[in-house]
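Participant: Sharing a structure below in C-alpha coordinates format, with a few things to ask.
The values are calculated or read from the model by the stated rules, or taken from the named source; none is laboratory data. Keep in mind it's a predicted model, so treat the numbers as computed, not measured. Because the Cβ atoms are built from the backbone with ideal geometry, glycine has one as well, and the counts that use them run over all protein chains shown. We work out accessible area using only protein heavy atoms, side chains counted, and drop any ligands, DNA or RNA first. Shrake-Rupley method; radii C 1.70, N 1.55, O 1.52, S 1.80 Å.
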Amino acid sequence: MSILGAILGATGSGKTELAILLAQKLGAEIICMDSRQLYKGFRIGTAQPTAEELSAVPHHLVDFLPPERQYNAAEFAKGVKDLLAQKPSAKFILVGGTGLYMQALCQGLNPLPPVNPEIRERLKKHYENKEQKELYSDALKADPSIEGKIKQGDTQRLLRILELSTLNSQLSTPPNSQLKRVGGIGSVPSVWLDFPRDELYKRINERVVKMQKSGWVEEVAGLSKTVPANAPAWQSLGYLELKTALEKNEDPLSITEGVALRTRHYAKRQITWFKHKENPICIDGKTAKSKETIERISHSFQ
RNA sequence: GGCUCUGUAGCUCAGUUGGUAGAGCAACGGACUGAAAAUCCGUGUGUCAGCGGUUCAACCCCGCUUGGAGCCA
(Lines give C-alpha, C1' and ligand atoms only; values in the text may rest on other atoms or scores of the structure.)
Protein backbone atom coordinates (compact mmCIF):
# COMPACT_ATOMS: atom_id res chain seq x y z
CA MET A 1 0.00 0.00 0.00
CA SER A 2 1.56 3.19 -1.15
CA ILE A 3 -0.76 5.76 0.39
CA LEU A 4 0.97 6.88 3.55
CA GLY A 5 -1.93 8.82 4.96
CA ALA A 6 -4.38 11.65 4.55
CA ILE A 7 -4.29 15.29 5.56
CA LEU A 8 -7.81 16.39 6.34
CA GLY A 9 -9.34 19.63 7.54
CA ALA A 10 -12.06 22.11 6.86
CA THR A 11 -11.67 24.51 3.99
CA GLY A 12 -9.08 27.15 4.81
CA SER A 13 -7.36 25.18 7.54
CA GLY A 14 -3.97 25.08 5.80
CA LYS A 15 -3.89 21.54 4.44
CA THR A 16 -1.97 22.42 1.30
CA GLU A 17 1.01 23.99 3.06
CA LEU A 18 1.28 21.24 5.63
CA ALA A 19 1.04 18.56 2.96
CA ILE A 20 3.96 19.99 1.07
CA LEU A 21 6.21 20.09 4.10
CA LEU A 22 5.24 16.56 4.92
CA ALA A 23 5.65 15.27 1.38
CA GLN A 24 9.12 16.79 1.18
CA LYS A 25 10.10 15.18 4.43
CA LEU A 26 8.73 11.79 3.47
CA GLY A 27 9.67 11.88 -0.20
CA ALA A 28 6.03 11.49 -1.14
CA GLU A 29 3.79 12.80 -3.88
CA ILE A 30 0.49 14.55 -3.27
CA ILE A 31 -2.95 13.45 -4.39
CA CYS A 32 -5.55 16.21 -4.26
CA MET A 33 -8.79 14.92 -2.84
CA ASP A 34 -10.88 17.91 -3.73
CA SER A 35 -13.89 17.97 -6.00
CA ARG A 36 -13.23 21.58 -7.07
CA GLN A 37 -9.49 21.93 -7.33
CA LEU A 38 -9.44 19.36 -10.06
CA TYR A 39 -11.02 21.72 -12.60
CA LYS A 40 -8.58 23.19 -15.03
CA GLY A 41 -8.17 26.94 -14.72
CA PHE A 42 -10.27 27.28 -11.56
CA ARG A 43 -7.20 28.08 -9.55
CA ILE A 44 -7.55 30.99 -7.21
CA GLY A 45 -11.16 30.60 -6.10
CA THR A 46 -10.74 26.93 -5.31
CA ALA A 47 -7.43 27.56 -3.54
CA GLN A 48 -5.46 25.19 -5.72
CA PRO A 49 -1.81 24.86 -4.77
CA THR A 50 0.18 27.72 -6.34
CA ALA A 51 2.56 27.16 -9.24
CA GLU A 52 5.41 27.26 -6.75
CA GLU A 53 3.81 24.64 -4.56
CA LEU A 54 3.01 22.47 -7.54
CA SER A 55 6.62 22.51 -8.61
CA ALA A 56 7.90 21.82 -5.12
CA VAL A 57 6.26 18.41 -4.91
CA PRO A 58 4.62 16.28 -7.63
CA HIS A 59 0.84 16.71 -7.48
CA HIS A 60 -1.92 14.58 -8.93
CA LEU A 61 -5.60 15.08 -9.72
CA VAL A 62 -5.39 18.84 -9.61
CA ASP A 63 -6.04 21.44 -12.33
CA PHE A 64 -6.58 18.84 -15.03
CA LEU A 65 -10.31 18.33 -15.68
CA PRO A 66 -12.06 20.31 -18.43
CA PRO A 67 -14.57 22.60 -16.68
CA GLU A 68 -17.51 21.30 -18.67
CA ARG A 69 -16.93 17.75 -17.46
CA GLN A 70 -18.94 16.30 -14.63
CA TYR A 71 -16.85 14.28 -12.22
CA ASN A 72 -17.83 12.00 -9.35
CA ALA A 73 -16.63 9.96 -6.43
CA ALA A 74 -16.28 6.78 -8.47
CA GLU A 75 -14.09 8.48 -11.02
CA PHE A 76 -11.96 9.88 -8.25
CA ALA A 77 -11.52 6.47 -6.65
CA LYS A 78 -10.63 4.98 -9.99
CA GLY A 79 -8.24 7.81 -10.73
CA VAL A 80 -6.37 7.21 -7.50
CA LYS A 81 -6.26 3.47 -7.95
CA ASP A 82 -4.96 3.86 -11.48
CA LEU A 83 -2.26 6.12 -10.18
CA LEU A 84 -1.27 3.62 -7.51
CA ALA A 85 -1.05 0.92 -10.15
CA GLN A 86 1.03 3.08 -12.46
CA LYS A 87 3.53 4.03 -9.79
CA PRO A 88 3.77 1.05 -7.49
CA SER A 89 6.96 2.21 -5.85
CA ALA A 90 5.86 5.80 -5.17
CA LYS A 91 4.56 7.06 -1.86
CA PHE A 92 1.48 9.28 -1.75
CA ILE A 93 -0.27 11.60 0.64
CA LEU A 94 -3.96 12.32 0.21
CA VAL A 95 -4.87 15.93 0.81
CA GLY A 96 -8.29 17.46 0.70
CA GLY A 97 -11.69 18.00 2.18
CA THR A 98 -14.09 16.08 -0.02
CA GLY A 99 -15.33 13.41 2.34
CA LEU A 100 -17.37 11.47 -0.16
CA TYR A 101 -14.34 10.98 -2.38
CA MET A 102 -12.34 9.59 0.49
CA GLN A 103 -15.16 7.28 1.45
CA ALA A 104 -15.47 6.01 -2.10
CA LEU A 105 -11.73 5.42 -2.31
CA CYS A 106 -11.22 3.74 1.05
CA GLN A 107 -14.50 1.93 1.60
CA GLY A 108 -15.52 1.39 -2.00
CA LEU A 109 -18.88 1.92 -3.66
CA ASN A 110 -21.85 -0.11 -4.73
CA PRO A 111 -21.16 -1.94 -7.98
CA LEU A 112 -23.58 0.09 -10.04
CA PRO A 113 -23.55 1.14 -13.64
CA PRO A 114 -22.01 4.57 -14.28
CA VAL A 115 -24.07 7.72 -14.10
CA ASN A 116 -26.38 8.13 -17.02
CA PRO A 117 -26.78 11.82 -17.85
CA GLU A 118 -29.68 11.30 -20.22
CA ILE A 119 -31.83 9.49 -17.71
CA ARG A 120 -30.93 11.97 -15.04
CA GLU A 121 -31.85 14.88 -17.27
CA ARG A 122 -35.12 13.25 -18.26
CA LEU A 123 -36.10 12.61 -14.65
CA LYS A 124 -35.17 16.12 -13.68
CA LYS A 125 -37.43 17.55 -16.37
CA HIS A 126 -40.22 15.18 -15.49
CA TYR A 127 -40.38 16.25 -11.85
CA GLU A 128 -39.53 19.88 -12.37
CA ASN A 129 -43.07 21.17 -12.16
CA LYS A 130 -44.48 18.47 -9.93
CA GLU A 131 -45.10 18.30 -6.22
CA GLN A 132 -42.20 17.28 -4.02
CA LYS A 133 -44.42 14.55 -2.60
CA GLU A 134 -44.76 12.85 -5.93
CA LEU A 135 -41.02 12.55 -6.41
CA TYR A 136 -40.71 11.12 -2.94
CA SER A 137 -43.48 8.56 -3.30
CA ASP A 138 -42.15 7.42 -6.66
CA ALA A 139 -38.67 7.01 -5.24
CA LEU A 140 -40.04 5.13 -2.26
CA LYS A 141 -41.85 2.76 -4.60
CA ALA A 142 -38.64 2.23 -6.55
CA ASP A 143 -36.61 1.52 -3.44
CA PRO A 144 -38.52 1.04 -0.16
CA SER A 145 -35.27 0.90 1.78
CA ILE A 146 -34.92 4.68 1.56
CA GLU A 147 -37.75 5.17 4.02
CA GLY A 148 -36.51 7.28 6.92
CA LYS A 149 -33.11 7.68 5.28
CA ILE A 150 -33.85 10.14 2.52
CA LYS A 151 -36.07 13.11 3.30
CA GLN A 152 -38.83 14.41 1.10
CA GLY A 153 -37.02 17.61 0.18
CA ASP A 154 -33.80 15.92 -0.81
CA THR A 155 -34.36 16.21 -4.54
CA GLN A 156 -30.85 15.24 -5.47
CA ARG A 157 -30.86 11.88 -3.72
CA LEU A 158 -34.42 11.06 -4.72
CA LEU A 159 -33.57 11.63 -8.35
CA ARG A 160 -30.55 9.41 -7.93
CA ILE A 161 -32.74 6.60 -6.59
CA LEU A 162 -35.07 6.89 -9.55
CA GLU A 163 -32.14 7.03 -11.94
CA LEU A 164 -30.82 3.83 -10.40
CA SER A 165 -34.14 2.08 -10.51
CA THR A 166 -34.48 2.96 -14.18
CA LEU A 167 -31.02 1.55 -14.83
CA ASN A 168 -31.67 -1.47 -12.63
CA SER A 169 -34.79 -2.50 -14.46
CA GLN A 170 -32.96 -2.05 -17.73
CA LEU A 171 -29.91 -3.95 -16.63
CA SER A 172 -31.62 -6.25 -14.12
CA THR A 173 -29.10 -5.57 -11.37
CA PRO A 174 -30.18 -6.08 -7.78
CA PRO A 175 -32.05 -3.29 -5.97
CA ASN A 176 -30.03 -0.61 -4.29
CA SER A 177 -30.81 -1.74 -0.77
CA GLN A 178 -29.04 -5.07 -1.22
CA LEU A 179 -25.77 -3.77 -2.54
CA LYS A 180 -22.51 -3.76 -0.64
CA ARG A 181 -19.52 -1.55 -0.98
CA VAL A 182 -16.75 -3.03 -3.07
CA GLY A 183 -13.35 -2.00 -4.32
CA GLY A 184 -12.17 0.07 -1.36
CA ILE A 185 -8.48 0.25 -0.60
CA GLY A 186 -9.12 0.21 3.13
CA SER A 187 -8.68 2.96 5.66
CA VAL A 188 -5.52 5.05 5.81
CA PRO A 189 -3.98 6.95 8.73
CA SER A 190 -5.31 10.47 8.76
CA VAL A 191 -4.83 13.73 10.59
CA TRP A 192 -7.34 16.52 11.03
CA LEU A 193 -6.20 20.14 11.13
CA ASP A 194 -8.22 21.51 13.99
CA PHE A 195 -9.13 25.11 14.82
CA PRO A 196 -11.56 26.64 17.28
CA ARG A 197 -14.67 27.49 15.33
CA ASP A 198 -14.32 31.26 15.55
CA GLU A 199 -10.72 31.12 14.39
CA LEU A 200 -11.56 28.92 11.44
CA TYR A 201 -14.34 31.28 10.43
CA LYS A 202 -11.99 34.23 10.68
CA ARG A 203 -9.49 32.47 8.43
CA ILE A 204 -12.23 31.75 5.91
CA ASN A 205 -13.47 35.34 5.88
CA GLU A 206 -9.96 36.62 5.38
CA ARG A 207 -9.20 34.13 2.67
CA VAL A 208 -12.10 35.24 0.49
CA VAL A 209 -10.81 38.81 0.68
CA LYS A 210 -7.31 37.63 -0.09
CA MET A 211 -8.51 35.70 -3.14
CA GLN A 212 -10.19 38.77 -4.51
CA LYS A 213 -7.03 40.76 -4.05
CA SER A 214 -4.86 38.20 -5.74
CA GLY A 215 -6.50 37.89 -9.09
CA TRP A 216 -9.69 35.90 -8.61
CA VAL A 217 -11.79 38.52 -10.34
CA GLU A 218 -9.52 38.47 -13.38
CA GLU A 219 -9.54 34.69 -13.36
CA VAL A 220 -13.32 34.58 -13.48
CA ALA A 221 -13.47 37.26 -16.16
CA GLY A 222 -11.18 35.14 -18.29
CA LEU A 223 -13.00 31.88 -17.65
CA SER A 224 -16.34 33.51 -18.49
CA LYS A 225 -15.12 33.98 -22.03
CA THR A 226 -14.17 30.37 -22.63
CA VAL A 227 -16.16 28.17 -20.26
CA PRO A 228 -19.85 27.55 -21.04
CA ALA A 229 -22.26 28.88 -18.41
CA ASN A 230 -23.64 25.43 -17.64
CA ALA A 231 -20.23 23.84 -16.98
CA PRO A 232 -20.14 21.96 -13.65
CA ALA A 233 -16.99 23.79 -12.60
CA TRP A 234 -19.01 26.98 -12.09
CA GLN A 235 -20.63 25.29 -9.13
CA SER A 236 -17.49 25.94 -7.11
CA LEU A 237 -18.24 28.31 -4.25
CA GLY A 238 -18.27 31.94 -5.26
CA TYR A 239 -17.57 31.50 -8.96
CA LEU A 240 -21.13 31.94 -10.12
CA GLU A 241 -21.66 34.92 -7.83
CA LEU A 242 -18.54 36.56 -9.14
CA LYS A 243 -19.36 35.79 -12.76
CA THR A 244 -22.85 37.24 -12.37
CA ALA A 245 -21.54 40.36 -10.65
CA LEU A 246 -19.15 40.94 -13.53
CA GLU A 247 -21.88 40.43 -16.10
CA LYS A 248 -24.14 42.87 -14.34
CA ASN A 249 -21.30 45.32 -14.01
CA GLU A 250 -21.57 45.25 -10.24
CA ASP A 251 -18.75 45.72 -7.79
CA PRO A 252 -17.02 42.32 -7.46
CA LEU A 253 -16.48 43.07 -3.79
CA SER A 254 -20.22 43.04 -3.17
CA ILE A 255 -20.20 39.24 -3.14
CA THR A 256 -17.51 38.87 -0.49
CA GLU A 257 -19.74 38.49 2.53
CA GLY A 258 -22.11 36.05 0.89
CA VAL A 259 -19.31 33.85 -0.37
CA ALA A 260 -17.63 33.84 3.03
CA LEU A 261 -20.90 32.87 4.63
CA ARG A 262 -21.51 29.96 2.30
CA THR A 263 -17.92 28.84 2.76
CA ARG A 264 -18.40 28.82 6.53
CA HIS A 265 -21.49 26.68 6.12
CA TYR A 266 -19.49 24.36 3.94
CA ALA A 267 -16.74 24.12 6.53
CA LYS A 268 -19.29 23.10 9.14
CA ARG A 269 -20.54 20.30 6.90
CA GLN A 270 -16.98 19.08 6.48
CA ILE A 271 -16.45 19.08 10.23
CA THR A 272 -19.61 17.05 10.76
CA TRP A 273 -18.65 14.57 8.05
CA PHE A 274 -15.09 13.88 9.11
CA LYS A 275 -15.89 13.86 12.81
CA HIS A 276 -18.44 11.11 12.27
CA LYS A 277 -17.23 9.21 9.21
CA GLU A 278 -13.49 9.14 9.63
CA ASN A 279 -11.51 8.90 12.78
CA PRO A 280 -8.60 11.25 12.21
CA ILE A 281 -5.94 12.19 14.72
CA CYS A 282 -6.70 15.74 15.77
CA ILE A 283 -3.82 18.19 15.59
CA ASP A 284 -3.76 21.83 16.52
CA GLY A 285 -4.01 23.84 13.30
CA LYS A 286 -2.02 26.73 14.72
CA THR A 287 1.11 24.68 15.34
CA ALA A 288 0.65 22.24 12.49
CA LYS A 289 3.75 23.35 10.65
CA SER A 290 6.04 23.13 13.64
CA LYS A 291 8.92 20.68 13.50
CA GLU A 292 7.50 18.60 16.32
CA THR A 293 4.10 18.22 14.70
CA ILE A 294 5.54 17.35 11.31
CA GLU A 295 7.68 14.78 13.04
CA ARG A 296 4.69 13.35 14.85
CA ILE A 297 2.59 13.11 11.70
CA SER A 298 5.41 11.52 9.72
CA HIS A 299 5.63 8.94 12.41
CA SER A 300 1.98 8.01 12.25
CA PHE A 301 2.21 7.86 8.45
CA GLN A 302 5.00 5.29 8.42
C1' G B 1 -36.21 74.19 23.62
C1' G B 2 -41.14 72.12 21.35
C1' C B 3 -43.63 68.15 18.68
C1' U B 4 -43.76 63.18 16.60
C1' C B 5 -41.94 58.31 16.03
C1' U B 6 -38.97 54.56 18.28
C1' G B 7 -36.17 50.84 21.87
C1' U B 8 -38.68 42.94 21.67
C1' A B 9 -33.31 36.97 20.02
C1' G B 10 -26.59 38.12 17.46
C1' C B 11 -29.18 41.19 13.08
C1' U B 12 -33.86 42.93 10.56
C1' C B 13 -38.54 43.05 12.38
C1' A B 14 -43.66 40.79 13.82
C1' G B 15 -46.94 40.39 18.09
C1' U B 16 -50.49 40.11 22.35
C1' U B 17 -58.73 44.11 22.80
C1' G B 18 -53.44 42.84 29.36
C1' G B 19 -52.61 35.96 30.78
C1' U B 20 -44.21 36.43 30.83
C1' A B 21 -43.39 36.15 23.01
C1' G B 22 -42.31 34.39 17.14
C1' A B 23 -40.67 34.87 11.91
C1' G B 24 -36.59 35.42 8.36
C1' C B 25 -31.40 35.56 8.39
C1' A B 26 -27.26 34.39 11.53
C1' A B 27 -25.72 30.74 15.18
C1' C B 28 -25.70 25.71 16.88
C1' G B 29 -26.45 20.35 16.02
C1' G B 30 -27.19 16.34 12.52
C1' A B 31 -27.65 13.24 7.85
C1' C B 32 -24.79 11.81 3.71
C1' U B 33 -23.09 5.15 -1.23
C1' G B 34 -21.28 7.48 -8.54
C1' A B 35 -23.50 16.04 -8.68
C1' A B 36 -20.59 16.41 -2.32
C1' A B 37 -17.68 23.60 -2.50
C1' A B 38 -23.64 19.36 -3.82
C1' U B 39 -28.37 18.04 -1.51
C1' C B 40 -31.12 17.89 2.83
C1' C B 41 -32.99 17.63 8.18
C1' G B 42 -33.44 19.48 13.29
C1' U B 43 -32.92 23.32 17.50
C1' G B 44 -35.26 29.61 19.89
C1' U B 45 -30.54 30.95 22.41
C1' G B 46 -34.91 36.68 25.32
C1' U B 47 -34.39 40.98 32.46
C1' C B 48 -39.63 42.43 25.59
C1' A B 49 -34.31 49.71 27.43
C1' G B 50 -34.48 51.09 33.02
C1' C B 51 -37.38 52.52 37.33
C1' G B 52 -42.05 53.26 39.39
C1' G B 53 -47.68 53.17 39.04
C1' U B 54 -52.62 50.88 37.82
C1' U B 55 -54.16 45.53 37.85
C1' C B 56 -55.41 39.06 40.42
C1' A B 57 -51.96 39.50 36.23
C1' A B 58 -48.00 44.41 32.33
C1' C B 59 -43.93 43.16 26.89
C1' C B 60 -48.79 45.65 26.03
C1' C B 61 -52.06 50.84 29.73
C1' C B 62 -50.05 55.44 32.67
C1' G B 63 -45.76 58.44 34.61
C1' C B 64 -40.65 59.46 34.95
C1' U B 65 -35.57 58.38 33.31
C1' U B 66 -32.49 57.00 29.37
C1' G B 67 -30.67 55.58 24.15
C1' G B 68 -31.92 56.38 18.85
C1' A B 69 -34.48 58.78 14.49
C1' G B 70 -37.18 62.67 12.24
C1' C B 71 -39.77 67.42 11.94
C1' C B 72 -40.36 72.54 13.83
C1' A B 73 -37.74 76.37 16.07
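Participant: Going by amide H atoms built from the backbone, whose H comes under 5 Å of the H on A:G5, apart from near neighbours?
Facilitator: For A:G5, the qualifying residues are A:L94.
Participant: Spin-label point model (7 Å from Cα, Cβ direction): what's the A:K124 to A:L261 distance in nm?
Facilitator: Between A:K124 and A:L261, the simple spin-label model gives 2.6 nm.
Participant: Using a probe of 1.4 angstrom, how much of the accessible area of the stretch A:156-302 is carbon and sulfur, in percent?
Facilitator: Here carbon and sulfur together make up 52 percent of the probe-accessible area.
Participant: Taking the inverse of the average 1/r across all pairs of different Cα atoms in the stretch A:58-157, what Kirkwood radius in Å do you get?
Facilitator: 16.6 Å
Participant: Quickly rank A:130-137, A:40-47, A:97-104 as a protection proxy: mean count of other C-beta atoms within 10 Å, highest first.
Facilitator: Ranking, from highest mean packing down: A:97-104, A:40-47, A:130-137.
Participant: Using the per-residue mean of other Cβ atoms lying within 10 Å as a proxy for protection, in what order, highest first, do the peptides A:15-22, A:266-273, A:226-233 fall?
Facilitator: Ranking the peptides A:15-22, A:266-273, A:226-233 by packing returns A:15-22, A:266-273, A:226-233.
Participant: Related question: Translational diffusion coefficient of the stretch A:197-302 at 25 °C, 0.890 mPa s, Stokes-Einstein with Kirkwood Rh over Cα pairs, in µm²/s as a whole number.
Facilitator: My calculation gives 151 µm²/s for D.
Participant: Here is a follow-up. Report the far tail of the P(r) of the stretch A:90-139, meaning the percent of Cα-Cα pairs longer than 11 Å.
Facilitator: Distances greater than 11 Å cover 79 percent of the Cα pairs.
Participant: Which net charge results when you count Lys and Arg as +1 and Asp and Glu as -1 among the other residues whose beta-carbon is under 13 Å from that of A:L8?
Facilitator: So the surrounding residues net to 0.
Participant: Here's a follow-up. Identify all aspartates and glutamates with a Cα-Cα distance to A:K87 below 13 Å; exclude those on the same chain that are fewer than 8 residues away in sequence.
Facilitator: Leaving aside aspartates and glutamates fewer than 8 places away in the same chain, those within reach of A:K87 are A:E29.
Participant: Percent of alpha carbon pairs in the stretch A:243-302 separated by more than 14 Å?
Facilitator: 72 percent
Participant: Using alpha-carbon positions, what is the distance between the centroids of the stretch A:37-107 and the stretch A:227-299, in Å?
Facilitator: Measuring centre to centre over Cα atoms gives 16 Å.
Participant: What distance in nm separates the simple spin-label points at A:L54 and A:K141, each placed 7 Å from Cα in the Cβ direction?
Facilitator: For the pair A:L54/A:K141, the computed spacing is 5.0 nm.
Participant: To continue, here is another question. Could you work out how far apart the two model spin labels at A:E250 and A:K289 are, taking each label as a point 7 Å from the Cα in the direction of the beta carbon, and quote it in nm?
Facilitator: So the label points at A:E250 and A:K289 sit 3.5 nm apart.
Participant: When DSSP beta bridges are limited to those with both residues in chain A, what percentage is antiparallel, rounded to the nearest 5?
Facilitator: 10 percent
Participant: Can you work out the Karplus-derived ³J(HN,Hα) for every residue in the stretch A:273-284? Use 6.51 cos²θ - 1.76 cosθ + 1.60 with θ = phi - 60°, whole Hz, and x for glycine or proline.
Facilitator: 4, 5, 4, 9, 9, 10, 10, x, 6, 7, 10, 5
Participant: Rounded to the nearest whole Å², what accessible area per residue is found for chain A with the 1.4 Å probe?
Facilitator: 53 Å²
Participant: Spelling out what I want: for every residue of the stretch A:200-217, take phi, set θ = phi - 60°, compute 6.51 cos²θ - 1.76 cosθ + 1.60 (Karplus), and round to whole Hz; glycine and proline get x.
Facilitator: For the stretch A:200-217, the Karplus-derived couplings read 4, 4, 5, 4, 5, 4, 5, 5, 4, 4, 4, 4, 5, 7, 10, x, 5, 4 Hz, x marking Gly and Pro.
Participant: Count of lysine pairs in the stretch A:142-283 with Cα atoms under 25 Å apart, counting only pairs 8 or more residues apart in sequence or on different chains?
Facilitator: Summing the qualifying lysine pairs gives 25.
Participant: Is the C-alpha gyration tensor of the stretch A:1-52 telling us rounded, prolate or oblate? Criteria: a/c under 1.5 is rounded; beyond that, a/b larger than b/c is prolate, otherwise oblate.
Facilitator: Taking the square roots of the gyration eigenvalues as a ≥ b ≥ c, the stretch A:1-52 is prolate.
Participant: Follow-up. Once you have a ≥ b ≥ c as the square roots of the Cα gyration tensor eigenvalues for chain A, tell me rounded if a/c is under 1.5, and otherwise prolate or oblate according to whether a/b is larger than b/c.
Facilitator: Verdict is oblate for chain A.
Participant: What list of ³J(HN,Hα) couplings, whole Hz, do you get for the stretch A:232-237 from phi and the Karplus terms 6.51, -1.76, 1.60, once you set θ to phi - 60° and write x for glycine and proline?
Facilitator: 3J(HN,Hα) across the stretch A:232-237, in whole Hz: x, 4, 5, 5, 4, 3.
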